[in-house]
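Right, one structure below, let's go through it.
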Amino acid sequence: MQISSDWGALTSAKAAELEKMGLANVSKKRRGRSALRIVRANLFTWYNLVHLLPAALVVSAGSWKNLLFLGIVAGNFLIGAIQEIRAKRVLDGLSLLQSGDADAIRDGKEISLPAEKLVLGDVVLLRAGDQAFADLTVLGGRAEMNESMLTGESVPAVKREGDAVFSGSCCVSGLCAAKVTAVGDERRAEIIAAAARSAGKSEPVLKATLQRLIRVLSAFVLPIGAVLFISDYYDSGLPYAETAVRSAAAMLGMIPDGLWLLTSVSFTEGVIRLGRHGALPRDLYSYENLARADVLCLDKTGTLTTGADVLKGIVPLDPGFNYNDILSGILTALPERDGTTSALEKAVPPGAGWAVADALPFSSERRYCAADFGERGVFLLGAPEALTGDPAVLAESETYAGAGNRVLLLSSGSRSDEIYRPERPLCFLLLGEEIRPGAGEILRYFLKNGVSVRILSGDSPLSVAFIAEKTGIPGAESCADASSLSGAELADAVKQHVVFGRVSPEQKQEIIRLLKAEGHTVAMFGDGVNDVPALREADFSAAIKAGSPAARHAADMVLPDFDALPEAVAEGRRVVHHTRKTAVLFLSKTFYSFALAAALLVLPFPYPFVPIQMTLIGALATGIPGLVLSLEPRNEPIPKQFMRSVLKWAFLAGATAFFGVLALLTLGAYFGVPAGEISTACVYYTAVSGLTALTAACMPLNLRRAVLIGSMFLLLVAAAALFPGFFLLAALHGKIVLILICLLPLTLAQVTLRWCSLREVN
């Protein structure tokens, strides 16, 4: 293409001036928090701050070994901060638009420069294979642009003088000159992404519930701990050091610290597992909503299909011709390649090598191409309605189109004075998108596991319905044309249909919003800029690495391909299921600690535990077992409002433990048992109570679970036998032993209650 002075290309000096004015192709929007802000946010949490007073009390008492609980606090901080920084680095590497070089006209010459150096008003050249890095207006020439990442439409769009070309589209054939009309944050892709950022994405339930619970519980920890300290120090006459340590233990018992750490560790393990397969989550809890999703929304192009056209078949209308030689000759006569010619080239073997007298390239206005092979004849290839008026032939083509095919007609013809005329239809060429291998199996996985599927595509309803039906989606035969729907009509269609064609980016977002309004938890999987609003709106969103950078940036998780989605679901369900199970164990300890601390504000007993004992009980009864159990696979659907059952049964189980410890304190004081023995008996009783809950959680037993339970009991015995001084455990004598034996019925009641509670939670 000759460079024209009419294009108004910039000089290097003018381009430099515009770059200084901030009109270069660079996004100015800040993407995410800095590493320092992430560290600060994870350090200065209410969860961390609430541990400061217990730590201060222990330090003031000089009991350094009782600071072991700070290891849990530090572990939680490090895991959270490191994981978020890791996610940030991944996301920082995903720019909104792909980086690369653009061919621009500067000082009357063609030069290559980085995409971010383009400025407003630059003139660029687009050839086959080039990407548009900014929004453009065509000045001259002709090019076919693949806009599937923007519109969802798989058929390339022809661009001529005056037509708009948007950033993110790719030239598949032709050559054109175009002027840059929007750069940086003004590009259409950026505007779509920015508008989508305001979407109401729901926070993961488990994360939000735990955060609220910790905030609520923590609000009472410090006041109760302070009052308990004052009561023990002034009313009971205990030494300051002992009062400080036991008050710290009371506050620590009321904080479900191990639960937060276990949840973080469990989610981190899931992230690591997925990372080994190339999955990149936005944050630690991002795939919880995927685990809870009951509706999965998908684009068609690039997800269910590979995005490439394939020749599905040739339907003869006149068997007297060699279709292979004709098609091979047409491909030879037309050197430019687009999606259609590439598909034919892969399927049509080399022909006889006919000599080409003349050729007519494809035009979107004509809707056909043609080739003149001299004595061998003239042949035309294009849309049936452009090459024949025969009602029977057109009706047959519509039948094939209704089956999800893109139909081309090969016709013989004539040429006179550079004008080609079709004469006799020879055959239909049936083209279609290639279905991704394994797509049907993946969809069946979701349907089998209680997740319904919706297809939201920018392609024609007929082709979308065909692909959906081929992949086994129930109700695919009824496909709604979204281009004719709005408002209440769209809302009604969402209730009646599962497959939608001609869906705009805004409609995809609205459909997901309507599904959420019906109480569904919605996951969205897409790969293009046109999917960005929907990805932002969905409770969970995933994109593939090969998709649009805008989609990758908007998604909660980036997957290597569509095949990895079931694995992400399984990981999320495993983590959530086992977090629910272990939450009962942790929160029962928290509830009984609150009840015990509140009771001791009015009862004349000192708090029976010190921090090192609380650490021992938590590690054996909840911490270590919870971590081991969390690694077991679970793939059942997540029930809605699952935290209600967790809290209910944790409260009841905590109540039984509270009454057991209260009985030990009361009976021990009545029979004159030394305070050290009473405290030790409370430790044993609470530990055994926690291990009974662990036994219930391990039902039904297998070898791994039986070994786990046995190991925890042995570790408790070892701690009592080998390290009694370290854990401040006293030897037990007759009276307190008899009291423990008398409490066996209460222990059995705890076993039954906890078995029932965990059975419901499971």
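The values are calculated or read from the model by the stated rules, or taken from the named source; none is laboratory data. Only a predicted model underlies this, so the values are computations on that prediction, with no experimental measurement involved. So basically every Cβ, Gly included, is an ideal-geometry build from the backbone, and we count neighbours across all protein chains shown.
Suppose the filter is farther than 29 Å from residue 63 by Cβ, modelled with pLDDT under 90, surrounded by 21 or more Cβ atoms within 10 Å (Cβ to Cβ) and of a type in the set (A, V, I, L, M); does residue 650 pass it? In short, yes.
When segment 374-425 is filtered for residues that are farther than 30 Å from residue 301 by Cα and basic (Lys, Arg), the ones remaining, listed by number, are 376, 415, 421, 424. Exactly one residue out of 258, 253 is under 19 Å from residue 76 (Cα atoms), modelled with pLDDT of 70 or more and surrounded by 17 or more Cβ atoms within 10 Å (Cβ to Cβ): that is 253.
Where strands (runs of 3 or more DSSP E) sit wholly within segment 264-373, those with at least 1 residues that are within 28 Å of residue 142 (Cβ to Cβ) and touching a strand residue (DSSP E or B) at 6+ places or on another chain (Cβ under 9 Å) occupy 305-316, 358-363, 368-372. Scanning segment 330-346 for residues that are under 23 Å from residue 397 (Cβ atoms), touching a helix residue (DSSP H, G or I) at 6+ places or on another chain (Cβ under 9 Å) and either among the small types (Gly, Ala, Ser) or modelled with pLDDT under 85 (or both) turns up 334, 341.
The set of residues from segment 266-302 being at pLDDT 80 or above and of a type in the set (Val, Ile, Thr) comprises just one member, 295. Residue 680 - would you say it is surrounded by 19 or more Cβ atoms within 10 Å (Cβ to Cβ) and either under 45 Å from the mean Cα position of the chain (by Cα) or over 15 Å from residue 740 (Cα atoms) (or both)? Considered against the rule, which asks whether it is surrounded by 19 or more Cβ atoms within 10 Å (Cβ to Cβ) and either under 45 Å from the mean Cα position of the chain (by Cα) or over 15 Å from residue 740 (Cα atoms) (or both), residue 680 comes out as no.
Inspect all residues belonging to segment 217-228 and state whether any of them is within 28 Å of the chain's Cα centre (by Cα), at pLDDT below 85, in the same structural domain as residue 58 (by TED's automatic domain parsing) and part of a helix (DSSP H, G or I). No: zero hits. Set side by side, the residues 534, 523 differ, and just one is touching a strand residue (DSSP E or B) at 6+ places or on another chain (Cβ under 8 Å), small (Gly, Ala, Ser) and not in a strand (DSSP E or B), which is 534. For segment 632-644, check the following and say yes or no: at least one residue is modelled with pLDDT of 75 or more, assigned by TED's automatic domain parsing to the domain that holds residue 241 and farther than 15 Å from residue 715 by Cα. Checked against the condition, which is being modelled with pLDDT of 75 or more, assigned by TED's automatic domain parsing to the domain that holds residue 241 and farther than 15 Å from residue 715 by Cα, segment 632-644 yields no hits at all.
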